[in-house]
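No value in this document is a laboratory result; all are computed from the given coordinates. This structure is a prediction, so every number in the text was calculated from the model and none was measured. So basically every Cβ, Gly included, is an ideal-geometry build from the backbone, and we count neighbours across all protein chains shown.
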Amino acid sequence: MNTTLRSFLLAFLASAAVGCSAINSTTNDAKAVAVEAAPNAGFVENPDRQVKHTDLPFQKVWIKPGFDKSGYQELVVAPVNTQYMMKMDWLHHASSASWIGNVKKDIAELAVYFQDKVVKDFKDDPKHRFLVLDNPDQHKQPALRLELALIEIDPSTPVLHALSWAGPIGTGSAMGVVNQRRAAFEGRLRDLETGEVVATFADRDMADAGPLDLTRLTWYGPAKGIMDRWSHQFVQIANRKPGEVVTDPTPYTLRVFGSHE
């Protein structure tokens, strides 16, 4: 390795560690500082009535006054909506048209992954809070329908550069060469019998930063890990007792060389 390249890498890693250490705090504080809520995509109606609940991990929440989740025993997890993801700015401005077909295929696969993960986590819940139904017609007890929409996934900075869209190093949507990638969703909880929406929620989350992370070479990077976190939180919220706080499981830290995608 020549001297110039070695100096660049050392300076980059040092500056990245300093920047990330500023947000390595308690989980709630770190997320509030590091991750700005995503703009409303349109999946949730009346998004202005959503607020931040300090006892929940999601950035925007609305719960119908008087709603009591304890009266429901069954759950249907709807297929995940992806129509809003095709409006992502970076994808819209990408100059490589031939590459977009692969992205559409990946988005469809990510939606299936998210739905399957939520279903699996509720079925594997040791407390068996809900009986998960494969078909809404199977329901015999009061049931809820969980409806989710993926609205954003940030690609890696190298992908943006490869698509001739991102700016020079040090600019762009992912903090230059530091690979901080985000994903966002919007969700609705609906009474299966009446069709009434009883709760809405939305969140944007971020995976740990990982410069030179050779395990995250796909454009969607660690998005599946973020979905895993959300799915786990859905189960936690379903099981939580009055007054119990549900937070993100880990703080935001810098991982120079990650061990998983």
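A few comments on the model shown:
- Phi-based couplings in Hz for the stretch 57-63 (Karplus 6.51, -1.76, 1.60; Gly and Pro marked x): x, 8, 6, 9, 9, 9, 10
- Pair S70, A37: separation of 7 Å Cα→Cβ label points (nm): 2.9
- Eligible lysines near K64 by straight Cα distance, threshold 21 Å, same-chain separation 8 or greater: K52, K241
- Semi-axes of the equivalent ellipsoid of the stretch 58-128 are 34, 17, 9 Å, computed as sqrt(5λ) over the eigenvalues of the C-alpha gyration tensor in descending order.
- Packing around the peptides 74-80, 185-191, taken as the average count of other Cβ atoms within 10 Å per residue, puts them in this order, highest first: 185-191, 74-80.
- Taking amide H atoms as placed 1.01 Å from N in the peptide plane, the amide H of L144 lies under 5 Å from those of E74, L75, V76, L192, each 5 or more residues away in sequence or on another chain.
- P(r) tail, the stretch 38-159: Cα-Cα pairs separated by more than 24 Å, 43% of all pairs.
- Taking amide H positions as modeled 1.01 Å from N, with prolines and chain starts lacking one, the residues under 5 Å from K60 and 5 or more places away or on another chain are A202.
- Derived scalar couplings ³J(HN,Hα) [the stretch 145-153; Karplus, 6.51 cos²θ - 1.76 cosθ + 1.60; whole Hz; x for Gly, Pro]: 10, 8, 10, 10, 9, 6, 10, 6, 9
- Taken along the Cα-to-beta-carbon direction at a fixed 7 Å, the label points for D134 and M86 span 3.0 nm.
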